[in-house]
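K.L.:
Quick one: structure below, then a few questions.
Every read-out reported here was derived from the displayed coordinates using simple, explicitly stated rules and does not represent laboratory data. On a predicted model such as this, the values are computed, not experimentally measured, just so you know. Here the Cβ positions follow ideal geometry from the backbone for every residue, glycine too, while neighbour counts run over all protein chains shown.
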Amino acid sequence: AQSVTQLGSHVSVSEGALVLLRCNYSSSVPPYLFWYVQYPNQGLQLLLKYTSAATLVKGINGFEAEFKKSETSFHLTKPSAHMSDAAEYFCAVSLSGGSYIPTFGRGTSLIVHP
Amino acid sequence: DAGVTQSPTHLIKTRGQQVTLRCSPKSGHDTVSWYQQALGQGPQFIFQYYEEEERQRGNFPDRFSGHQFPNYSSELNVNALWLGDSALYLCASSFRTGNYGYTFGSGTRLTVV
């Protein structure tokens, strides 16, 4: 079985500040990890994915995440927040040797202040 | 290239009624998964269809059923609606196992009154 825990239901940053959204996973086998973003009244859009290649993964819109096996973490970062980054962010995990059906965390709402 | 298309976008039903939601996958995708997203929660996996058969199922009662057609489109049916079924229903498509990520539709907002 696999699961993810997203620390912090809300994260508030100022425009131009560093964005850090935390995700810890639990998996019995090497995981595949994903970050998705959801804007109001829309579906989920894939930001980036880790599928056992490079541990530092770069995604769209300037986001990146680092897979740290020793910490079972896959935190999402962006050097400088923009107002348009305000959205709900979901971390997800799937099993690399199985059905690949992702299990999602509860989400973190990113609030960006001017 | 059209992404995942879901219909309708919004729906209001009365308790005890039945509802059918529809999904057309992204071009080139052959697998469709359905998720339920309650307000303030992450998406919860309902089931996945591949080759017109239910391949996997999450922890949802039999009131939730589905179908996949030869053109890979899919339907989600919910019988005997409860108030608790009110949620955003998301359809996601992928190619085969989907290990490179899913493409999601914008969802159907179901309100049960």
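K.L.:
I'd like to know if the stretch A:78-97 contains one or more residues that are within 13 Å of chain B (Cβ to nearest Cβ), outside any strand (DSSP E or B) and either over 14 Å from the mean Cα position of the chain (by Cα) or surrounded by fewer than 18 Cβ atoms within 10 Å (Cβ to Cβ) (or both).
P.N.:
We begin by selecting, within the stretch A:78-97, every residue within 13 Å of chain B (Cβ to nearest Cβ); these are A:88-97.
Imposing the further condition that a residue be outside any strand (DSSP E or B) reduces the set to A:96-97.
If we keep only those that are either over 14 Å from the mean Cα position of the chain (by Cα) or surrounded by fewer than 18 Cβ atoms within 10 Å (Cβ to Cβ) (or both) as well, we get A:96-97.
Yes: the stretch A:78-97 contains one or more residues that are within 13 Å of chain B (Cβ to nearest Cβ), outside any strand (DSSP E or B) and either over 14 Å from the mean Cα position of the chain (by Cα) or surrounded by fewer than 18 Cβ atoms within 10 Å (Cβ to Cβ) (or both).
K.L.:
Could you say whether any residue in the stretch A:56-71 is within 11 Å of another protein chain (Cβ to nearest Cβ) and within 14 Å of the chain's Cα centre (by Cα)? Give the steps one after another, and end with the answer.
P.N.:
First, the residues of the stretch A:56-71 that are within 11 Å of another protein chain (Cβ to nearest Cβ): A:59.
If we keep only those that are within 14 Å of the chain's Cα centre (by Cα) too, we end up with A:59.
Checked against the condition, which is being within 11 Å of another protein chain (Cβ to nearest Cβ) and within 14 Å of the chain's Cα centre (by Cα), the stretch A:56-71 yields at least one hit.
Let's see how each residue does on (1) free of Cβ contacts under 8 Å to residues at least 24 places away in the same chain; (2) in contact with a helix residue (DSSP H, G or I) (Cβ under 9 Å, 6 or more places away or on another chain); (3) over 26 Å from B:TYR35 (Cα atoms); (4) not acidic (Asp, Glu):
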site	(1), (2), (3), (4)
A:VAL4	no, no, no, yes
A:ASN24	no, no, no, yes
A:SER28	no, no, no, yes
A:LYS58	yes, no, yes, yes
A:GLU71	no, no, yes, no
A:TYR89	no, no, no, yes
A:PHE104	no, no, no, yes
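K.L.:
Select from the stretch B:99-113 the residues that are within 7 Å of another protein chain (Cβ to nearest Cβ), in contact (Cβ under 8 Å) with a residue 60 or more places away in the chain and surrounded by fewer than 24 Cβ atoms within 10 Å (Cβ to Cβ) and list them in ascending order.
P.N.:
Matches in the stretch B:99-113: B:SER106 only.
K.L.:
Could I ask something else about it? Tell me, yes or no, whether the stretch A:13-27 has at least one residue that is part of a loop (DSSP other than H, G, I, E, B) and among the polar types (S, T, N, Q).
P.N.:
Of the stretch A:13-27, the ones part of a loop (DSSP other than H, G, I, E, B) are A:15-18.
Cutting the leftovers down to among the polar types (S, T, N, Q) gives us none.
No, the conditions are met nowhere in the stretch A:13-27.
K.L.:
Just the residues that are under 22 Å from B:LEU88 (Cβ atoms), more than 11 Å from every other protein chain (Cβ to nearest Cβ) and in contact with a strand residue (DSSP E or B) (Cβ under 7 Å, 6 or more places away or on another chain), please, taken from the stretch B:45-63.
P.N.:
Within the stretch B:45-63, B:TYR49, B:GLU54, B:PHE60, B:ARG63 meet the criteria.
K.L.:
Let me ask another. So B:PHE69 passes all but one of these: (1) more than 9 Å from chain A (Cβ to nearest Cβ); (2) free of Cβ contacts under 8 Å to residues at least 12 places away in the same chain. Which condition number does it fail?
P.N.:
With respect to (1) more than 9 Å from chain A (Cβ to nearest Cβ); (2) free of Cβ contacts under 8 Å to residues at least 12 places away in the same chain, B:PHE69 is out only on (2).
K.L.:
I need the strands (runs of 3 or more DSSP E) fully contained in the stretch B:12-66, keeping only those with at least 2 residues that are surrounded by 13 or more Cβ atoms within 10 Å (Cβ to Cβ) and touching a Cys at 6+ places or on another chain (Cβ under 8 Å). Steps first, please.
P.N.:
Values: elements: B:19-24, B:31-37, B:44-50, B:53-57.
Qualifying strands (runs of 3 or more DSSP E): B:19-24, B:31-37.
K.L.:
I need a count of the residues in the stretch B:22-34 that are within 16 Å of B:HIS67 (Cα to Cα), among the hydroxyl-bearing types (Ser, Thr, Tyr) and more than 8 Å from chain A (Cβ to nearest Cβ).
P.N.:
Here the count works out to 2.
K.L.:
Based on this model, can you work out whether B:LEU76 counts as farther than 17 Å from B:GLN6 by Cβ, of a type outside the set (Lys, Arg) and more than 10 Å from every other protein chain (Cβ to nearest Cβ)? So that I can check it myself, show each step before the final result.
P.N.:
Values: farther than 17 Å from B:GLN6 by Cβ: no; of a type outside the set (Lys, Arg): yes; more than 10 Å from every other protein chain (Cβ to nearest Cβ): yes.
No, not satisfied.
K.L.:
Quickly run through the stretch A:28-54 and pick out the residues that are within 23 Å of A:PRO79 (Cβ to Cβ) and in a strand (DSSP E or B).
P.N.:
Listed by number, the residues that qualify are A:LEU33, A:PHE34, A:TRP35, A:TYR36, A:VAL37, A:GLN38, A:GLN45, A:LEU46, A:LEU47, A:LEU48, A:LYS49, A:TYR50.
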